[in-house]
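Every number in this text was worked out from the coordinates using simple rules, so none of it is lab data. The structure displayed is predicted, hence computed values, not measured ones. Cβ sites come from the backbone with ideal geometry, for glycine too, and all protein chains shown count toward neighbours.
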Amino acid sequence: MRVPVPRSVVLGLAEARPVVQVIFMLRFTAGAVLADPERTTVRPQFWAGAAAWYCATVAIYLYNGVTDVVEDRANHSRRPIAGGRLSVAAARRQVAGWALAALVLAAFCGLPDVLPTAAVLLLGYLYSAESVHLKSSVPGAMATAAGLGVLAYCAGFAAAGGSHPGRESLFAGAMALWMACVGPSKDFSDAVGDAAAGRRTGCVALGDRRMRALIAVLAPAVGFGFLAAALGLRESFVLPSACALAVGGLSVATLTALRPARGDRGQLRRPYRAYMVTQYAAHILLLVRLAGDALT
């Protein structure tokens, strides 16, 4: 049955995971506000850059859905492509459209914004494409997660007219480590599908028990490491975010140590949900703190 175009686009956006898109936009905004806390939102380049970044991240996550059909169906995912509500062919056409829109919008901002936008499209392709499949190995997945995060901050920084990275490097670096080291907590609920598709994720390569032990160590290590760095460098503007990351690290570690009932996908995803909530909190606290500083 042919799906009307508007409905197809809505399904494509759902496949691109709106919750993830929001955190990407928060990363972009954080990079921009760190570059220019007072004038960011009045720059047309900021809004064009934000639109370009949104289009780019929709494109790469929608493409990921196209290549994740085997895993998603094995994991009983309700996403539109795996559920048969959105065809792979329609999704591929949308990927091309979103990617083109991203590059056109980025071009309005100039070369400094085109580069991270093009880079994120390339990295997203390399992560999911069968010929490269960075997502199929632990190092590849970790490097991609960190790279996507850093590029988001760079894109926001460029759209706000930033030229020389400074204080934003501490926040961006800590969050990139959080993404790389704690983001694999999502694999707890996807191990069955990943194994069926031949992916060597952390849970598949190390086993559930060892992967849980690793995440339980890495999450608080990154959180308290960020807090120690913020205190040591006397960067008060990131202290609320650093505290959130420290608390989030402990939460992820605790939820990871609690072994859920076999097959309970909701419980398996609890560490990942804590990881995502922590990201939201860290970015929102940063933006609130910078907004307050700009008003005083």
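Selection among 246, 4, 169 by position relative to the dipole of the chain gives 4 as farthest towards the positive end (Cβ unit charges, Cα centre).
For the chain, a crude dipole built from +1 on the beta carbon of Lys and Arg and -1 on the beta carbon of Asp and Glu, taken about the Cα centre, is about 840 debye to the nearest 20. Residues 280, 153, 272, ranked from the fewest to the most other C-beta atoms within 10 Å, line up as 280, 272, 153. When peptides 114-123, 74-83 are ranked by their average number of other Cβ atoms within 10 Å per residue, the highest-first order is 114-123, 74-83.
Shown for 33, 138: other C-beta atoms within 10 Å of each C-beta, ranked fewest to most, produce the order 138, 33. Ordering 13, 111 from the fewest to the most neighbouring beta carbons within 10 Å gives 111, 13.
The value obtained for the chain, namely the Cα convex hull volume divided by the number of residues, is 124 Å³ per residue.
Applying a length cut-off of 24 Å (Cα extent along the axis) and a mean Kyte-Doolittle floor of 1.6 to the DSSP H helices of the chain leaves 18-35. The C-alpha radius of gyration of segment 31-80, expressed as a fraction of 2.2 N^0.38 Å, stands at 1.74.
Cα extents for segment 1-106 along the principal axes, largest to smallest and rounded to whole angstrom: 49, 26, 18. Once the Kirkwood radius over Cα pairs is known for segment 110-247, the Stokes-Einstein relation at 20 °C and 1.002 mPa s delivers a diffusion coefficient of 131 µm²/s. Only helical runs count toward this figure. For the chain, summing -39,500 (n - 2.57) over DSSP H runs of n ≥ 4 and dividing by all residues gives -24500 deg cm²/dmol at 222 nm. Taking the Cα centre of segment 1-165 as origin and assigning +1 to Lys and Arg Cβ atoms and -1 to Asp and Glu Cβ atoms, the resulting dipole is close to 520 debye.
Geometric descriptor of segment 238-296, per residue, is 48 Å³ (volume of the convex hull of the Cα atoms).
The eigenvalues of the Cα gyration tensor, multiplied by 5 and square-rooted, give segment 39-164 an equivalent ellipsoid with semi-axes of 29, 17, 11 Å from largest to smallest. Enclosing the Cα atoms of segment 167-296 in their convex hull gives a volume equal to 98 cubic angstrom per residue.
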